[in-house]
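**Q** So that we are looking at the same thing, I have put the structure below in structure tokens.
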């Protein structure tokens, strides 16, 4: 098992704002012109050109982190690198294990070349939902979710990732299953929920319910929670409405676009919103999130949006 540099002490929990990246898939697809079947960026790890595109993408964000004197959470391109999606792309379980490990190793090489004392580089193994990111058609039990995600989490643990984050999680049982396996395997785990335009999960629960139930069923094991793949206007009022549960939110990765998930699914072109406004919204919401530590972006965002958000934290 490879040594994980920050697994026992995630530096972003010490109260400093860390940067993370924007919308990897939308950047590669719409701005870089890569073909991404099933929106699966991990498939680019097969080629030298694809790997280089992922590295070049991340280096833009490392540059912003260095300019801001902050650390960065580096994400593996593995949102889709689990069994069902891998099968659609012709990957065996062994090939998926290899690509998940290889993604961590790529980030370890990037860290070795670019980390500085002021810019800690935390390596984060990214997990996505078993089903569609927006539409949870099949609801697993927590036990089923744990069994499904175990292989990918194990690959990250053994490859030496510092932490894992499950992003675009849209119902509670899947969050619980992932949190339980992360706790069992001894890796800090972050759960990032997505919400609809009304600020609720696609299955109708509030963020407060989702966080409380996941905490209750996993012994409060997540290091923190995040919100991703929704515009700030979709969840701003929920955060302003109060509640101690907000102290469990440690990260925001909002969409550039205010479109609904259904509208984004149909979009033929990239809606990159307004980077300056994106930054201002984050400055506003930060006052309601006492433990906010990681700020990046999701669909439609790129280095301009993330840089604009971070200008407000110095």
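The values are calculated or read from the model by the stated rules, or taken from the named source; none is laboratory data. In this text, all values refer to a predicted model and were calculated from it rather than measured experimentally. Cβ atoms come from the backbone with ideal geometry, glycine included; neighbour counts cover every protein chain shown.
**Q** Filter the range 109-123 for residues that are in contact with a helix residue (DSSP H, G or I) (Cβ under 8 Å, 6 or more places away or on another chain) and surrounded by 15 or more Cβ atoms within 10 Å (Cβ to Cβ) and give the result.
**A** Quick first cut of the range 109-123, residues in contact with a helix residue (DSSP H, G or I) (Cβ under 8 Å, 6 or more places away or on another chain) only: 110, 114, 116, 118-123.
Residues satisfying the conditions are 110, 114, 119, 120, 121, 122, 123.
**Q** Does residue 219 fit the bill of being touching a residue at least 24 places away in the same chain (Cβ under 8 Å) and either assigned to a helix (DSSP H, G or I) or within 20 Å of the chain's Cα centre (by Cα) (or both)?
**A** no
**Q** Going through the range 30-45 one residue at a time, which ones are free of Cβ contacts under 8 Å to residues at least 12 places away in the same chain and surrounded by 13 or more Cβ atoms within 10 Å (Cβ to Cβ)?
**A** If the condition is that a residue be free of Cβ contacts under 8 Å to residues at least 12 places away in the same chain and surrounded by 13 or more Cβ atoms within 10 Å (Cβ to Cβ), then 36 is the only one that fits.
**Q** Turning to a different aspect of this structure: For the subset of the range 154-172 comprising residues that are touching a residue at least 60 places away in the same chain (Cβ under 8 Å) and assigned to a strand (DSSP E or B), which member is nearest to residue 202 (Cα to Cα)?
**A** Filtering the range 154-172 down to residues touching a residue at least 60 places away in the same chain (Cβ under 8 Å) leaves 156-163, 165, 167-168.
Restricting the remaining residues to those that are assigned to a strand (DSSP E or B) gives 163, 165, 167-168.
Values: 163: 26, 165: 19, 167: 14, 168: 11 Å.
Filtering first and then ranking leaves 168.
**Q** What is the residue count in the range 15-34 for residues that are touching a helix residue (DSSP H, G or I) at 6+ places or on another chain (Cβ under 8 Å), farther than 17 Å from residue 73 by Cβ and not in a helix (DSSP H, G or I)?
**A** Result for the range 15-34: 2.
**Q** For residue 91, are the conditions met, namely being out of contact with any strand residue (DSSP E or B) (no Cβ under 8 Å at 6 or more places or on another chain), crowded, with 17+ Cβ neighbours inside 10 Å, within 15 Å of residue 103 (Cβ to Cβ) and without any contact (Cβ under 8 Å) to a residue 12 or more places away in the chain?
**A** yes
**Q** Answer yes or no as to whether residue 56 is surrounded by fewer than 20 Cβ atoms within 10 Å (Cβ to Cβ), without any contact (Cβ under 8 Å) to a residue 60 or more places away in the chain and in a loop (DSSP other than H, G, I, E, B).
**A** No: the conditions fail for residue 56.
**Q** Out of 196, 184, 208, which single residue is touching a residue at least 12 places away in the same chain (Cβ under 8 Å), in a helix (DSSP H, G or I) and either surrounded by fewer than 23 Cβ atoms within 10 Å (Cβ to Cβ) or touching a strand residue (DSSP E or B) at 6+ places or on another chain (Cβ under 8 Å) (or both)?
**A** Step by step, each of 196, 184, 208 is checked, and only 208 is touching a residue at least 12 places away in the same chain (Cβ under 8 Å), in a helix (DSSP H, G or I) and either surrounded by fewer than 23 Cβ atoms within 10 Å (Cβ to Cβ) or touching a strand residue (DSSP E or B) at 6+ places or on another chain (Cβ under 8 Å) (or both).
Each row is one residue, and each column tells you yes or no for (1) farther than 19 Å from residue 170 by Cβ; (2) buried (at least 21 other Cβ atoms within 10 Å of the Cβ).
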{"residue": "219", "(1), (2)": "yes, no"}
{"residue": "234", "(1), (2)": "no, yes"}
{"residue": "239", "(1), (2)": "no, yes"}
{"residue": "256", "(1), (2)": "yes, yes"}
{"residue": "261", "(1), (2)": "no, yes"}
{"residue": "271", "(1), (2)": "yes, no"}
{"residue": "294", "(1), (2)": "yes, yes"}
{"residue": "298", "(1), (2)": "no, yes"}
{"residue": "305", "(1), (2)": "yes, yes"}
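**Q** In this structure, is residue 151 within 24 Å of residue 92 (Cα to Cα), modelled with pLDDT of 95 or more and in a loop (DSSP other than H, G, I, E, B)?
**A** So residue 151 does not fit the description; no.
**Q** Looking at the range 268-292 only, could you name the residues that are closer than 27 Å to residue 39 by Cβ and touching a helix residue (DSSP H, G or I) at 6+ places or on another chain (Cβ under 6 Å)?
**A** Going residue by residue through the range 268-292, those that are closer than 27 Å to residue 39 by Cβ are 268-275, 277-279, 281-282, 285.
Matches in the range 268-292: 270, 275, 278, 279, 281, 282, 285.
**Q** Return the total of residues in the range 124-147 being out of contact with any helix residue (DSSP H, G or I) (no Cβ under 7 Å at 6 or more places or on another chain) and either assigned to a strand (DSSP E or B) or touching a residue at least 60 places away in the same chain (Cβ under 8 Å) (or both).
**A** The qualifying residues number 5.
**Q** Among the residues that make up the range 243-255, is at least one of them in contact with a helix residue (DSSP H, G or I) (Cβ under 9 Å, 6 or more places away or on another chain), within 24 Å of residue 32 (Cβ to Cβ) and touching a residue at least 12 places away in the same chain (Cβ under 8 Å)?
**A** At the first step, the residues of the range 243-255 found to be in contact with a helix residue (DSSP H, G or I) (Cβ under 9 Å, 6 or more places away or on another chain) are 243, 245-246, 248-252, 254-255.
From what's left, within 24 Å of residue 32 (Cβ to Cβ): 254-255.
Still in the running and touching a residue at least 12 places away in the same chain (Cβ under 8 Å): 254-255.
Yes, because at least one residue in the range 243-255 is in contact with a helix residue (DSSP H, G or I) (Cβ under 9 Å, 6 or more places away or on another chain), within 24 Å of residue 32 (Cβ to Cβ) and touching a residue at least 12 places away in the same chain (Cβ under 8 Å).
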